Every structure is written in C-alpha cells, then in structure tokens.
Amino acid sequence: MREISDRDLVAKCLNGDNTAFDQLVLRYQLPMYRTALQIVQDESLARDITQNGFIKSWEKLHTYNSKYRFYSWLYKIIINESLNKKRSVRKMDSLTTAEKSDETPYAQMVKNEEKEKLYKAISLLTEEQKIVIHLRHFEELSYKEMSDVLDIEEKTVKSRLYSARMKLREILQPK
C-alpha cells in the first residue's frame, strides 16, 4: 500500500475529512517539535509551540499553496511561532537530551561535554545562523528545502550557512 501524499491529505482535510489532518500531525510532529526545541531550548515550550503550530496550520489550511511542499509550509509556521515565543519569553535554558547507550560512563561524559560545547557555541550565533544550522545539520534539509522554508534564495541560504559554520569554527577552535 502506498503512502498518501501530503497534498492528497490536505485535499481530504479541505473536503471535510478531519482524520486526514491526524495523519499529517503524526507524520510531522517530531521534526516540528525538534525544530521548536532547537530554537527555544525549552521542552515544555517546544511542545506548546508545536501544538500551536499545528492548530494554526489547521486554521490556515485553506491558504496552503499546493505547488509548494506542505512540510516547508508547516516549517515556516513552526519557525515563526518559535521565534515569536522566544522573543516574548526571552529565556534560553540549556538543551538536555536523555540518551541510552552501551558506552562507558567516561565516554558518555566526554560525548556530553562535547555536545554541551556545541550547543553553547550554537547559542552564540544569531537567530538566522541558528536556524540554518538546525535545518541543515539536525533536520538534514536540502538547500532548496531550506530556501522554501525560510522564503529566501538558495544562495542566501548557502551564505548564511557558510557564515554560521565559520562562526562556529571561530568559537570552537579559537586561535
């Protein structure tokens, strides 16, 4: 059985099939949550943002242009919700992730320290730089997908990503 496309699910939603939207939520809730979490760095806030983003996308579904990917359209909503919430809250807690591993406690400690250094370095970037780093390296979007999500040209995406990487290098490998 083939998976129903996002466009088909959106069409079903617009024709009154509310269960079709449930499938979109299940398909995208984790990447949307991770995106919000990367921006606001608060698990509870990220859950709220993700929920609000899906509510907003449901309410505005009639404005979705099917010539673009639904995924990209939803990302824009989540990113805007995250940035708006971050501006209003103005707090950044450290990102924590629980990991299960067969590594030794020492190896886990070293790995966690390295992650912490990376997350601290990312937190020093501008909002634009944080977003391109997250979309490219955590969500693994292509330049084209990032361009669609951010509503900017691909060359601008590449430029921002290059600047962000250079800034991270400068922070993590001082002279």
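Every read-out reported here was derived from the displayed coordinates using simple, explicitly stated rules and does not represent laboratory data. Just so you know, these numbers come straight off a predicted model, no measurement behind them. Cβ: placed from backbone, ideal geometry, glycine included. Neighbour counts: every protein chain shown.
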Rounded, prolate or oblate (a/c below 1.5 giving rounded, otherwise prolate when a/b exceeds b/c) for the range 1-93 by Cα gyration tensor
prolate
Mean Cα-pair separation over length for the range 94-175, i.e. relative contact order, pairs under 8 Å, 6 or more apart, %:
30
What ranking do Thr126, Thr50 get, fewest neighbouring Cβ atoms within 10 angstrom at the top?
Thr126, Thr50
Report the relative contact order of the range 1-93, percent, no decimals, based on alpha-carbon pairs under 8 angstrom and at least 6 residues apart.
32
Counting other C-beta atoms within 10 Å, which of Val40, Val110 has the fewest, and how do the rest follow?
Val110, Val40
Whole Å is fine, so just give me how far the alpha carbon centre of the range 128-175 lies from that of the range 1-67.
24
Ranked by Cβ crowding within 10 angstrom, fewest neighbours first, how are Ser123, Ser44 ordered?
Ser44, Ser123
For the chain, what is Rg from Cα atoms divided by 2.2 N^0.38 Å, rounded to two decimals?
1.14
